[in-house]
Amino acid sequence: MIIRARVVVTMDGPPIDNGAVAVSRNRIIDVGKFPEISARHSGQQLVDLGEQVMLPGLINAHCHLDYTCLRGQIPPKKSFADWIRAINAEKARLSAQDYVASITEGFAEAKRFGTTTIANLTAFPELSARIDPPIRTWWFAELIDVRSPERANELVDRAVESLKPAANWGLAPHAPFTASTNLYRRCEEVVRRENVLLTTHLAESREEMSMFRDSAGPLYEFMKEIGRDMSDCGDQTPLDRFLGTVRDSSTALRSARNDKKAVRNDAGWIVAHLNELAESDFELLETFKGKFHVVHSPRSHDYFAHSPFAFERLRDLGFNLCLGTDSLASNENLSLFAEMRAFRRGEPAVSPKDALEMVTVNGGRALGRPQVLGRIGANYFADLIAIPSSGITDVFEEILAFDQPVHWIMVNGKT
Ligand SMILES: [Zn+2]
């Protein structure tokens, strides 16, 4: 099949006017100028999208479709701990059937906004078998053992059994304040065995920083109240705590401090947030350059009024930076176009093209599939979207300004 559009934005070289893509089954086999593609693949069925911009489907690197049904239900709270209490109260009202409906609705909405790949954290990995995602999905089991750390292994092993049938999956120890060191380590053991991914929330709120660094603040009090062992609090940042927990980490952390060349952390974690970083954290990050991926969620970030995201410093340190919507308990919709616009409101110096990279190329890298996800090129998955083109502005500006549902979407070669 040949698909032609007024402009093809490949994210791999300049946009191609009067461009076309040749697709065979679920892969792109060729891309270029329309006359060249039609000559090289004569006799193929032609789909002419007309005055449209074709681009790679968008990649949401962090979200929780469990909470799609909580859109607008939780007004911003004074403290992060209060927000956790509020979402826990909402969650207590939901049944398994409600969650299935919520996740299903979330997939449909994400797809409507042109998302073709999603990293979806779910607190209910057992429900994944009841849902057939309409887009490419990495199911991550979100794991919390703060109330029963002695059962960390069991929790991980059960999640693995639930997610094993999924095409793509991973594990998500929730955060250093809710997941024990054993839980993190058990997840890393699984990754050494299975070809899966790891993600976690890290340094999201000021309260997480004061909990770990100062043994103080509303999150510290809340966690202590529910019986968490607080002996890891008082003299480290959330980043210290994380790096002290993960694979080869004690070695890595020690080496990072003593010998900048000896760092071995190559776990490839997808780390959500990193909003709250101390100066000492940046020194530490210097030694972990490019070793993990970072997901920023601009609208959720604004909702919580976190400290400014250190975009430039993290980028200059070489981290692969992506965007995610987070959940609708702290965001208004699942549009990555809106997420890119929100991001650029905070970072106007970033070009529209660089913002688009964060939801295409960079997402593909974070998911460990840079050769098949996030670009239009030979051998890439045929995950494509098209939006109307007015032809008058810069094509990347035009893409970022798009605020409608996407009407033409191909996922894995199927429209
Ligand atoms: Zn999250």
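Every read-out reported here was derived from the displayed coordinates using simple, explicitly stated rules and does not represent laboratory data. Only a predicted model underlies this, so the values are computations on that prediction, with no experimental measurement involved. Cβ atoms come from the backbone with ideal geometry, glycine included; neighbour counts cover every protein chain shown.
Taking the charge dipole of the range 119-162 about its Cα centre, with +1 at Lys and Arg Cβ atoms and -1 at Asp and Glu Cβ atoms, the residue from S128, I144, L155 reaching farthest to the positive side is S128. Net charge dipole, the chain: roughly 840 debye, given to the nearest 20, about the Cα centre with Cβ charges of +1 for Lys and Arg and -1 for Asp and Glu.
Between the listed residues P388, G346, F402, the Cα displaced farthest toward the positive end of the dipole of the range 261-415, a dipole computed from Cβ unit charges relative to the Cα centre, is found at P388.
Sorted largest first, the spans of the alpha carbon positions of the range 123-183 along the three principal axes are 35, 18, 14 Å.
Listed values for the range 38-47 are Karplus-derived 3J(HN,Hα) couplings in whole Hz (6.51 cos²θ - 1.76 cosθ + 1.60, θ = phi - 60°), namely 5, 5, 6, 10, 5, x, 7, 4, 10, 10, and x replaces Gly and Pro.
Taken over the alpha carbons of the chain as equal point scatterers, the Debye sum produces base-10 log I(q)/I(0) values at 0.09, 0.11 Å⁻¹ of -0.54, -0.81. Centre-to-centre separation between the Cα atoms of the range 281-324 and those of the range 69-83: 23 Å. Rounded to the nearest 20 debye, the dipole size of the range 360-415 about its Cα centre is 400 debye, using +1 on the Cβ of Lys and Arg and -1 on the Cβ of Asp and Glu.
Take the Cβ atoms of R345 and S280, set R0 to 41 Å, and the FRET efficiency comes out at 0.85. With N counted as the residues of the range 361-415, its alpha-carbon radius of gyration over 2.2 N^0.38 Å works out to 1.28. Partner aspartates and glutamates whose Cα lies under 14 Å from the Cα of K414, excluding those fewer than 8 positions away in the same chain, are identified as D383. Beta bridges assigned by DSSP with both partners in the chain are antiparallel in approximately 40 percent of cases.
Among 283-290, 36-43, 109-116, what's the highest-first ranking by average C-beta atoms within 10 angstrom per residue?
Highest-to-lowest ranking by the protection proxy: 109-116, 283-290, 36-43.
Expected output is a single nm value to one decimal: the length gained when fully extending between N26 and R130, i.e. 0.36 nm times separation in residues minus the C-alpha distance. What is it?
35.0 nm
Under a model in which nothing but the beta-carbon of Lys, Arg (+1) and Asp, Glu (-1) is charged, the range 261-407 shows a dipole of about 500 debye around its Cα centre.
Give me the Å³ per residue figure for the convex hull around the C-alpha atoms of the range 158-218.
Hull volume normalised by residue count: 95 Å³.
How are the Cα pair distances of the range 137-250 distributed, in percent, across 5 Å bins from 0? Answer for the range 137-250: a P(r) of 2, 13, 23, 23, 18, 12, 7, 3, 0 percent. Length, then width, then depth: along the principal axes, the Cα atoms of the range 1-107 run 61, 30, 21 Å.
The lysines within cross-link reach of K291, meaning a Cα-to-Cα straight distance under 20 Å and a gap of 8 or more places when in the same chain, are K260, K261. When its C-alpha radius of gyration is set against 2.2 N^0.38 Å (N residues), the range 314-407 gives a value of 1.12.
What pairs in K111/K353; K91/K353; K33/K353; K78/K111 have C-alpha atoms more than 31 Å from each other? If you can, show how the numbers build up before the last one.
Working: K111/K353 21 Å; K91/K353 38 Å; K33/K353 21 Å; K78/K111 33 Å.
With Cα atoms farther than 31 Å apart: K91/K353; K78/K111.
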